[in-house]
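Single-structure report; data block below.
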Amino acid sequence: MNIYVGNLPYNVTEDELKDLFAQFGTIETVNIPKDNYSGQAKGFGFVEIPDNSSADKAIKALNGSDFKGRNIKVNQAKPREERSPRPRRY
C-alpha cells in the first residue's frame, strides 16, 4: 500500500521517515519530493508498505502524531491523476 505522509518538517530525510515507519513492517520505498528549483523538500512524502495489514496499523498509529515538532497527516495515497500540460509562457 502506498501511504501519503503530509505536514512533514522540511528538513526531514528519507532515512528518518523510513525509520519512523519501520516499526510497522517492511518498507519497500520512501520518497520525499523536492522542489525543482530550490531542492528543498515539499513537506510531504510517500511510504510504500507491501503488507496492507501493516500499512493500516501504521496509518492508525501515526496519523495526527507528533514527528519532529509537527503533527503529521498519514493516510492511504490516492492514485495520481493525469494532468494536461500547462501552457508555456514566453
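Bear in mind these aren't lab numbers, they're just calculated from the coordinates by the rules spelled out. Since the structure is predicted, the reported quantities are computational estimates derived from the model, not experimental observations. Virtual Cβ from ideal backbone geometry, glycine too; neighbours counted across all protein chains shown.
What the table shows:
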| quantity | calculated |
| --- | --- |
| Near pairs, Cβ below 6 angstrom, 6+ apart or cross-chain, from region 14-37 (farther than 17 Å from Arg70 by Cβ and touching a residue at least 24 places away in the same chain (Cβ under 8 Å)) to any residue that is of a type in the set (Ser, Thr, Tyr) and in a helix (DSSP H, G or I) | Phe24/Ser54; Gly25/Ser54 |
| Region 39-90, subset basic (Lys, Arg) and part of a helix (DSSP H, G or I), residue surrounded by the most Cβ atoms within 10 Å (Cβ to Cβ) | Lys57 |
| Residues within region 55-90 that are closer than 22 Å to Lys18 by Cβ and more than 16 Å from the chain's Cα centre (by Cα), tallied | 1 |
| Any hit, region 36-50, residues being acidic (Asp, Glu) and more than 11 Å from Ile3 (Cβ to Cβ) | no |
| Within region 65-90, tally of residues that are farther than 22 Å from Asn52 by Cβ and either touching a helix residue (DSSP H, G or I) at 6+ places or on another chain (Cβ under 9 Å) or not hydroxyl-bearing (Ser, Thr, Tyr) (or both) | 14 |
